[in-house]
Amino acid sequence: MARVSQEHLDARRRQILDGAAICFARNGFHATSMQDVLKEVDLSAGAVYRYFSGKEALIAAIVEEVLGLVREGFEEAALADPPPPPDLLVATVLGRILATMEFLTVDGRPAFPRLVVQVWAETLRNEELAAVLRDGYGAVQTSWGRIVQAYQDTGMMRPDVAPDHVARTMMAAAMGFLAQQALFEPMPSEILQDGLRALSSVRDLPDGDRGDTSDGSQLG
């Protein structure tokens, strides 16, 4: 019997993961059966079970891959010296991630944002996957905290806000943009960049003139 190359094994595993990702993005993790995956990838049950023991194993592999892709994209951006401004940084990372996964589509729309939302939902019921999410989120938060510190050290950003608070806000903007992509319609990352740039240009007023309060009362 001819020996199967590692390249062939990796390609077959990739085929199964991509097909499963499309199924999960289309119908969710729990409404998708292994039969759905077999039909999508056009392989026998034996061929698929050689790589994955079942649907739970597929879910775990895809969750870890999605979270890893996002994490790597954001951590790579943290290595830039000096770091680009926040609007360019967030938009560039998201644009690169979406471009990497643009070959996966559901009904003519990008599948990756929908898959990300499915992953978030799955971590609410699966503590092991939730731990993977927390670890990844923590690593990105630390990396982006260093970026914010660099902004402050170079005078690009006011120094009286905790770097962790800014990092969480930047991550929230990225996560929210992915959610919009999934819930509404595809849009270029330049929209996010324009919005963040506009927000960062708002003139900072003295505390007494800002109209905000710390006790929850209405502005005005």
Do you know which residues across the range 49-79 are small (Gly, Ala, Ser) and touching a residue at least 24 places away in the same chain (Cβ under 8 Å)? 60, 61, 68, 73, 77, 78
State whether the residues of the range 161-181 include one that is outside any helix (DSSP H, G or I), open to solvent by 20 Å² or more (accessible area, probe 1.4 Å), out of contact with any strand residue (DSSP E or B) (no Cβ under 7 Å at 6 or more places or on another chain) and at pLDDT 85 or above. yes
Every residue in the range 99-112 that is open to solvent by 30 Å² or more (accessible area, probe 1.4 Å) and either assigned to a helix (DSSP H, G or I) or of a type in the set (Val, Ile, Thr) (or both), please. 99, 100, 105
If you scan the range 78-94, which residues turn out to be buried (at least 16 other Cβ atoms within 10 Å of the Cβ) and in a loop (DSSP other than H, G, I, E, B)? 78, 83
Right, residue 31: within 24 Å of residue 110 (Cβ to Cβ) and in a helix (DSSP H, G or I) or not? no
Examine the range 37-49 for a residue that is surrounded by fewer than 19 Cβ atoms within 10 Å (Cβ to Cβ) and modelled with pLDDT under 90, and state whether such a residue exists. no
Determine which single condition residue 203 fails, assuming it passes every other condition in (1) open to solvent by 50 Å² or more (accessible area, probe 1.4 Å); (2) modelled with pLDDT under 85; (3) more than 25 Å from residue 87 (Cα to Cα). (3)
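Matching residues to (1) without any contact (Cβ under 8 Å) to a residue 24 or more places away in the chain; (2) open to solvent by 40 Å² or more (accessible area, probe 1.4 Å); (3) assigned to a helix (DSSP H, G or I); (4) under 29 Å from residue 199 (Cα atoms):
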residue: 96; (1), (2), (3), (4): yes, yes, yes, yes
residue: 114; (1), (2), (3), (4): no, yes, yes, yes
residue: 119; (1), (2), (3), (4): no, no, yes, no
residue: 128; (1), (2), (3), (4): no, yes, yes, no
residue: 131; (1), (2), (3), (4): yes, no, yes, no
residue: 141; (1), (2), (3), (4): no, no, yes, yes
residue: 145; (1), (2), (3), (4): yes, no, yes, yes
residue: 148; (1), (2), (3), (4): yes, no, yes, yes
residue: 158; (1), (2), (3), (4): no, yes, no, yes
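Kindly indicate whether residue 19 is in a helix (DSSP H, G or I) and either polar (S, T, N, Q) or surrounded by 15 or more Cβ atoms within 10 Å (Cβ to Cβ) (or both). Even if it seems obvious, please write down each step before you answer.
Numbers: in a helix (DSSP H, G or I): yes; either polar (S, T, N, Q) or surrounded by 15 or more Cβ atoms within 10 Å (Cβ to Cβ) (or both): yes.
Yes.
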Sole exception among (1) under 25 Å from residue 129 (Cα atoms); (2) of a type in the set (A, V, I, L, M, F, W, C); (3) within 16 Å of the chain's Cα centre (by Cα) for residue 48, by number: (3)
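The values are calculated or read from the model by the stated rules, or taken from the named source; none is laboratory data. Nothing here was measured: the structure is a model prediction, and the numbers come from that model. Cβ coordinates were reconstructed from backbone atoms using ideal geometry, including for glycine residues, and neighbour counts include every protein chain displayed. These accessible areas exclude ligands, DNA and RNA; they are computed on the full protein's heavy atoms, side chains included. Shrake-Rupley method; radii C 1.70, N 1.55, O 1.52, S 1.80 Å.
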